[in-house]
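Step one of this worksheet: look at the structure below.
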Amino acid sequence: MARKRTVSGYSGYTILVVDDQEETLISTQLLLQKEGHQVLTSASGEEAMTLFCPGKVALILVDYFMPGVSGETVVQEIRKRDEDVQIVLITGYAGEKPPREMLRQLDIQGYHDKTDGPERLLLWVDAALKAYTQLKTVRQAEQEVAISRAQLRFLSARLLQLQEEEREQISRELHDHFGQLLTAVMMAIEWVQYRCPKSLKALSDRLEDAIGLLQEGIQYTRQLSATMRPSVLKRLGLTSALQEYVTEFERRSSLSVKFSSDDIERMVAPGSAIHLYRIVQEALTNVARHAKATEVRIDLKHADQKLVVSVTDDGRGFDVKAVSDPHAVGLVGLEERAWIVGGTLEVHSILGEGTTVILEVPLTHSEGNCEEEPGSYM
């Protein structure tokens, strides 16, 4: 049955026809133009590769046997430049059919024998163009997803930046206002206690207790302020800030923490340091809350142009795939920060044997060239 044509106007597709026989070029060009396609023609493989423009041509019909550059070579070279263009090999001589395995390796969409006639060729063309359209739809969807991910990454980075700014403001208020207020109240109570008659021992004892509670509150406020705004991070760098935090964490949690670090200060951009600090901080918090561990090891290493940060505990472990596990919930924040600094986060855990969190961040900046402003990775 002859193929029914219902074409009116330009189809929107550009097809490149490559054949060393002039009469074949002309007849194929006329056939395709009647279908509404824009047609480019080339009499040699060399010319075809010069004429071909990635992203502009939807389909290539290429003769398999040509003098000079063969159809096989044309396909191989064009595939290096465009993965989406549809390609149909054509031949017209008995005994010329290429091996089946070679056709598979060439990544083509069809093979047409000229003796099968123009109707058969048009069926190949229609099938290839439909596949091209579907592929373009997929590519567009992938691009939209990539754009959405980039927007999400930007918004996530901005949210974390605002969170850090809010933490810094709260920390300042705790230190400069609330801490001073507690100190003033303690001094007032000490004044009263100093002037309290010895006969009122019970009152003096209560005042002493109040002073002790205030001292504890002042100390806690200072610790909370330092946790929310690690000022040492700006003054002395990531390693010193983490060492200070680890010391305080060890005191509060009663866990044994072993900390080691290579000389990485000049390799870490200021915009990344706060995120790396928070990742270790959150990892330790998860250990304290959920792991039931006795020992934690933190390592900061420089290897293969990457900064590798690992936090390992000897706790109970958990099922990483069980996202409903409270231990796993905290991983979301870690992954977001790792994403922002362009790194990758892996979690390895075995029930009863502990957990290891590994962060790898590419060191794209040369040593001593980390003058970016905070947020430069965002």
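Points worth noting:
- Over 25 Å (Cα to Cα) - which of Lys234/Lys301; Lys56/Lys80; Lys136/Lys321; Lys136/Lys306 fall in this group: Lys136/Lys321; Lys136/Lys306
- Proximal aspartates and glutamates to Lys258, defined as alpha-carbon separation beneath 17 angstrom and excluding residues fewer than eight positions away on the same chain: Glu244, Glu248, Glu250, Glu282, Glu295, Asp299, Asp313, Asp314
- Förster radius 35 Å - calculated FRET efficiency between Gln305 and Lys136, Cβ distance, rounded to 0.05: 0.45
- Hydrodynamic radius (Kirkwood) for the chain, which is based on Cα pairs only, to one decimal in Å: 27.2
- Fluctuation leader among Thr50, Thr239, Thr91 - the chain, Gaussian network, Cα springs under 10 angstrom: Thr50
- Tensor-based shape of the range 14-76 (alpha-carbon gyration tensor, a/c under 1.5 rounded, otherwise prolate or oblate): oblate
- Total charge dipole magnitude, the chain, about the Cα centre, Cβ charges on Lys, Arg, Asp, Glu only, Debye to nearest 20: 1180
- Here the relative contact order of the chain, from alpha carbon pairs under 8 Å that lie six or more residues apart, stands at 10 percent.
- Look at the alpha carbon pairs under 8 Å that are at least 6 residues apart: their mean separation over the length of the range 210-347 gives a relative contact order of 20 percent.
- Top of Leu331, Leu155, Leu203 by mean-square fluctuation, Gaussian network on the chain, Cα under 10 Å: Leu203
- Net lengthening on full extension, Asp82/Val320 (0.36 nm per residue, minus Cα-Cα): 81.7 nm
- Relative contact order of the range 53-175: 22 percent, from C-alpha pairs under 8 Å at least 6 residues apart in sequence.
- Estimated [θ] at 222 nm from DSSP helical runs (n ≥ 4, -39500 (n - 2.57)) normalised by residues in the chain, nearest 500: -16500 deg cm²/dmol
- Extension gain for the segment Gln169 to Glu144, taken as residue separation times 0.36 nm less the Cα-Cα distance, is 5.3 nm to one decimal.
- Rg/Rh ratio calculated on Cα atoms of the range 131-283 (Kirkwood radius): 1.25
Any read-out appearing in this document is the output of simple, stated calculations on the displayed coordinates, not a laboratory observation. Everything numeric in this text was worked out from a predicted model, so none of it was measured. A quick note on method: Cβ atoms are made from the backbone with ideal geometry, for glycine too, and the neighbour counts reach across all protein chains shown.
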